[in-house]
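Undergrad: Below you will find the structure I want to go over with you.
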């Protein structure tokens, strides 16, 4: 079955879509910005609660330590000869050092 749309049908569809969009925008403008922000924050908390539920204030330092580890493993190792035993050794020392730091803290 083939659907043939002429200009009149397309105009009607376009007008219907624009009407729906205008209605949606009007309903969105009913909220004041503070209420809209609060509802957005509540929605984000529901959506991401599984990711952030386990974070505690006692581990605030973890992100900084992990970032330093990533920079050290990717940024500092470029100064050592590529593929050499020295590069492998330095990378291993950095990894073991950060693992021990996380275990101690």
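The values are calculated or read from the model by the stated rules, or taken from the named source; none is laboratory data. Bear in mind the structure is a predicted one, so any value in this text is a computation, not a measurement. Every residue, glycine among them, receives a Cβ derived from its backbone with ideal geometry; neighbour counts consider all protein chains shown.
Undergrad: Condition check: touching a helix residue (DSSP H, G or I) at 6+ places or on another chain (Cβ under 8 Å), at pLDDT below 75 and surrounded by 10 or more Cβ atoms within 10 Å (Cβ to Cβ). Does residue 31 satisfy that? Even if it seems obvious, please write down each step before you answer.
TA: Values: touching a helix residue (DSSP H, G or I) at 6+ places or on another chain (Cβ under 8 Å): yes; at pLDDT below 75: yes; surrounded by 10 or more Cβ atoms within 10 Å (Cβ to Cβ): yes.
It is true that residue 31 is touching a helix residue (DSSP H, G or I) at 6+ places or on another chain (Cβ under 8 Å), at pLDDT below 75 and surrounded by 10 or more Cβ atoms within 10 Å (Cβ to Cβ).
Undergrad: Can you say whether residue 7 is modelled with pLDDT of 75 or more, outside the structural domain of residue 89 (by TED's automatic domain parsing) and more than 23 Å from the chain's Cα centre (by Cα), as far as the supplied structure shows?
TA: no
Undergrad: Go through region 72-86 and give me each residue that's more than 32 Å from the chain's Cα centre (by Cα) and in a helix (DSSP H, G or I).
TA: If the condition is that a residue be more than 32 Å from the chain's Cα centre (by Cα) and in a helix (DSSP H, G or I), then 85, 86 are the ones that fit.
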